[in-house]
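Following: one structure in structure tokens, then a few remarks.
Readers should treat all values here as calculations from the given coordinates under stated rules, not as data from a laboratory. Keep in mind it's a predicted model, so treat the numbers as computed, not measured. When we count neighbours, we look across all protein chains shown, and the Cβ atoms used for this are built from the backbone with ideal geometry, even at glycine.
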């Protein structure tokens, strides 16, 4: 069920990265796309059709795509706040307590993140930076087979901490009450029941019902990700989320049942999810493989898990822990978990990871729900250069330049020299003019 690979084979298979641009789409996806949009239409082409139609037709296009893709047409896209409150009041008390605690920890964690305005007068006049929140942010919350109120909390709360004045949420039609309850818990008033690429289009261009935003964050399915890719530059993005992934580095100290449970938790997300174990311990590898087979028998999403484990997951036998950590850093997983005797010793060997989970009591599921950092993390190897969703995603930095006249005049000569080297004579001319102005006379001190 869960294949065991040697390093060389793993590098060519489960550890090999493919970009969104050269993705091999599953046959079932291509078949369904052709049925809905026309024979031979690829997913990127279908998304382009959706974006163009929503941009030109607004709400009427949204309704048409809801009918075709979601098999439902909402009476209105904006969900009344009274409906959010009813959903919240109907939730079991233990679920409310859990979501409240999660929200408190997410908020507290992100409040620690500094947003520094600073200024210096050591360079002639005033230089500095000003941090201001983005004015309008749109957050996409997936619906699908598993409603994700945690994704709403993990995306909305950092935006609130950053001070974003207008936050809207889009989620597929007829959303689960638990998503509405999470929205109420966050104090949201603008939740729209529109999903997929059409939701990204609506937030990008604006329609009669859905306001245009300045930045869109949140993960979604393939069509959502392709839509985000195509609208980048018109709006800001948090990133392009691919299939979710967990990589566990473990030694003989690890408990096989716990490692297996962590891999299964990742695999149940999606048939394209990746759950990978790197270990130098063959006994552990065999024990984890057996535990995976045993535990799967009791799980409700066993069919999804089986496809994930067979296609994009596996166990990799490494010569030693150092090699395992090197491979983990090269893979740059969304979630990297160190289930080893001394996780602190090996943490420094992994420089690329969306989230680094140290020790078996800091497992990835706690990161999904309760730990505090946002679970919206870079996928597809982008942890090499990208970060988890955080407060800085919801602000922008303006540079402040207020040089005094003496410094401005002195720097103008040098600026003109560089401008002429670049053959930009108008630049040089603008700088030269400042050098011809007489300097103000400094007053004698009294």
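As an exercise, use a Förster radius of 22 Å and the Cβ-Cβ distance of residue 130 and residue 404 to find the FRET efficiency, rounded to the nearest 0.05.
Between residue 130 and residue 404 the formula returns 0.70.
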Item to complete: Please work out how much length the chain gains when fully extended from residue 174 to residue 366, using 0.36 nm per residue of separation minus the C-alpha to C-alpha distance, in nm with one decimal.
Response: 66.3 nm
Worksheet item: With labels modelled as points extended 7 Å from the Cα through the Cβ direction, what inter-label distance (nm, one decimal) is found for residue 283 paired with residue 229?
Response: 4.6 nm
Worksheet item: Taking the structure as given and computing semi-axes √(5λ) of the Cα gyration tensor in Å, which label from [x] 43, 31, 23; [y] 36, 21, 21; [z] 44, 41, 19 fits?
Response: [x]
Worksheet item: Using the 10 angstrom Cβ neighbour count as an exposure proxy, how do 427, 335 rank, fewest first?
Response: 427, 335
Practice prompt. With springs connecting C-alpha atoms under 10 Å apart, model the chain as a Gaussian network and identify which of 321, 264, 127 has the largest mean-square fluctuation.
Written response: 127
Fill in: Sites residue 345 and residue 166, calculated FRET efficiency, Cβ-Cβ separation with R0 51 Å, nearest 0.05
0.65
Discussion item. Neighbour counts of other C-beta atoms within 10 Å: give me 214, 94, 238 arranged from fewest to most.
Written reply: 94, 214, 238
Practice prompt. State the Cα centre-to-centre distance between segment 230-272 and segment 146-207 in whole Å.
Written response: 22 Å
Worksheet item: Among 289, 71, 215, which one moves the most in a GNM of the chain with springs linking Cα atoms closer than 10 Å?
Response: 71
Discussion item. If the elastic network links every pair of Cα atoms under 10 Å, which of 422, 245, 334 fluctuates the most in the Gaussian network model of the chain?
Written reply: 422
Practice prompt. Can you tell me how much longer the chain between residue 422 and residue 83 gets when fully stretched, taken as 0.36 nm per residue apart minus their C-alpha distance, in nm with one decimal?
Written response: 115.9 nm
Response to the item:
So for R0 = 45 Å, FRET eff. of residue 214-residue 322 from the Cβ-Cβ r, to 0.05, ends up at 0.50
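Give me 346, 65 ranked fewest to most by other Cβ atoms within 10 Å of their Cβ, as a rough exposure proxy.
Least crowded to most crowded, the residues run 346, 65.
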Worksheet, complete the sentence: Relative contact order in percent for the chain (Cα pairs under 8 Å, 6+ apart) equals 19 percent
Worksheet item: Taking the simple approach of a point 7 Å from Cα along Cα-to-Cβ for both residue 67 and residue 255, what is their distance in nm?
Response: 5.5 nm
Practice prompt. Report, in whole Å, the centroid distance computed from the Cα atoms of segment 367-446 and segment 29-106.
Written response: 40 Å
